[in-house]
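Have a look at the structure below, then the notes.
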Amino acid sequence: MERPNSERIHKEALEHIVGGVNSPSRSYKAVGGGAPVVMERGLGAYFWDVDGNQYIDYLAAYGPIITGHAHPHITNAIKKAAETGVLYGTPTSHEVKFAKMLKEAIPSLDKVRFVNSGTEAVMTTIRVARAYTGRDKIIKFAGCYHGHSDLVLVAAGSGPSTLGIPDSAGVPKSIAQEVITVPFNDIEPFREALSKWGDEIAAVLVEPIVGNFGIVEPKPGFLEQVNDLTHQAGALVIYDEVITAFRFMYGGAQDLLGVKPDLTAFGKIIGGGLPIGAYGGSAAIMETVAPLGPAYQAGTMAGNPASILSGIACLEVLKQDGVYEYLDQLGALLEKGISESAKKHDIPITINRLKGALTVYFSTEKIVNYEQAENTDGEMFARFFKLMLNQGINLAPSKYEAWFITIAHTEEDIEATLHAVDNAFYSLAN
Ligand code: PLP
């Protein structure tokens, strides 16, 4: 597959945009480099690049595009917003309607607030938890990404029960010292951290189903124990549902798993592809937020009619009967085909799948935590990624990301994808 225009545009982009990309995950650095494909048009499950090549898309813009590109119901909502003014700076009735939709879908929410990104949503839940508890420290889980605010760009120190170290230049050491990172799916280090710093902990931040070192489900009982121990320590539980909300069912992962946080952060799917974030929780905790309470959070773009109308339209599509069963059915087909092909060519893989989201790891070990995901074969993934791309299958350029199936994908798309997978595995084996 030739991509001279992508290469030319990327070269030009490098002169004007730092790294040539507006988010580092879009670069191909993690898969051996090269010019990322420059896309021109998306429709349904497909993309066309600036050289006229067609792709089946499993990136889904890192998750939000669960309905497929340019879904007509969402497109009409965005058109309506464009025609009636995209930004008011005043309240609108759309915000109220959307808040009610979120509350109906996710029972742990009494009150919500809309912001502009998942990063903002998570950042603010932490501020609210700190304001509510009067404490400063947080506990997070290794490998979980929660956006790019200072406090969550922190990795584990030298042991599971040490304070964090900055994961990015520019994050002050003093801030990293407020964060404790422990492994996911292992309750003992978590218990240890709480017994050491329990009365200083404002909140425990967790993706209830991990989406950022592949799709990793919690072990039975893990989240329940996290909730119990956190509450015993007088701290709040924050679920980062930026990836998971409306991904696996109409509602949150919390509703799928039957667990309840104190605060939840949202993003991605709830904007139908336009920029959005939201956070919410019980009235008592949310009333800590200005103008009712002392925790300040604001936004010029927050709750803008375009994002809200797009989000409402997206949830309307997802609320229809059979949506999640369909995603599951296609997911199962894809998983089965990839597994069979790997067996045929003797390629060591393991697949984590939940409904329409899956990760193919180049390892035979069952992946339940970040350390294991880190140890999977990145070089093999990089070769696989390029072999797939050159057959018109667009995956995320990282071994840690998920494949997202959308409701626009068809069985024929899955079959075409499996044909490409079989060719790729053949090449890897020979
Ligand atoms: N939380 C999770 C779980 C995410 O996956 C992401 C982004 O990938 C974020 C937060 C940050 O969201 P955004 O990129 O909208 O700022």
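The values are calculated or read from the model by the stated rules, or taken from the named source; none is laboratory data. Keep in mind the model is a prediction, meaning the values are calculated, not measured. Positions of Cβ are backbone-derived with ideal geometry, glycine not excepted, and every protein chain shown enters the neighbour counts.
A few comments on the model shown:
- Flag for Ile78 being outside the structural domain of Ala306 (by TED's automatic domain parsing) and of a type in the set (Val, Ile, Thr): no
- Figure legend. Inter-residue proximity from the range 75-89: first residues surrounded by 12 or more Cβ atoms within 10 Å (Cβ to Cβ), second residues in a loop (DSSP other than H, G, I, E, B), beta-carbon distance below 7 Å, spacing 6+ or different chains. Indicated pairs: Val86/Asn304; Leu87/Met301; Leu87/Asn304.
- Where a residue in the range 13-33 is loosely packed, with under 15 Cβ neighbours inside 10 Å and its partner, wherever it lies, is in a helix (DSSP H, G or I), with Cβ under 6 Å and at least six apart: Leu14/Gly20; Gly32/Ala382
- Complete set of residues in the range 106-123 that are out of contact with any Lys or Arg (no Cβ under 7 Å at 6 or more places or on another chain), of a type outside the set (Asp, Glu) and more than 21 Å from Ala306 (Cβ to Cβ): Ile106, Pro107, Lys111, Val122, Met123
- Test: residue in the range 27-36 that is within 16 Å of the ligand (Cβ to nearest atom), polar (S, T, N, Q) and in the same structural domain as Glu401 (by TED's automatic domain parsing): yes
Conditions (1) outside any helix (DSSP H, G or I); (2) within 16 Å of the ligand (Cβ to nearest atom), marked per residue:
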{"position": "Gly19", "(1), (2)": "no, no"}
{"position": "Phe47", "(1), (2)": "yes, no"}
{"position": "Ala61", "(1), (2)": "no, yes"}
{"position": "Asn76", "(1), (2)": "no, no"}
{"position": "Leu87", "(1), (2)": "yes, no"}
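- Count - residues of the range 104-143 that are in contact (Cβ under 8 Å) with a residue 24 or more places away in the chain and assigned to a helix (DSSP H, G or I): 17
- Each residue in the range 95-116 was checked for being more than 22 Å from Leu257 (Cα to Cα) and touching a Leu at 6+ places or on another chain (Cβ under 6 Å), and 0 of them qualify.
- Flag for Val237 being touching an Asp or Glu at 6+ places or on another chain (Cβ under 7 Å) and within 16 Å of the ligand (Cβ to nearest atom): yes
- Residues satisfying the stated conditions in the range 177-225, i.e. within 16 Å of the ligand (Cβ to nearest atom) and either of a type in the set (Ser, Thr, Tyr) or part of a helix (DSSP H, G or I) (or both): Thr181, Leu223
- The residue that is nearest to Ala306 (Cα to Cα), among those in the range 255-271 that are within 15 Å of the ligand (Cβ to nearest atom) and over 15 Å from the mean Cα position of the chain (by Cα), is Leu263.
- Criterion violated by Phe98 - all others in (1) within 16 Å of the ligand (Cβ to nearest atom); (2) buried (at least 22 other Cβ atoms within 10 Å of the Cβ) satisfied: (1)
- Just one of the listed residues (Ser158, Ser168, Ser174) is within 16 Å of the ligand (Cβ to nearest atom) and at pLDDT below 95, namely Ser168.
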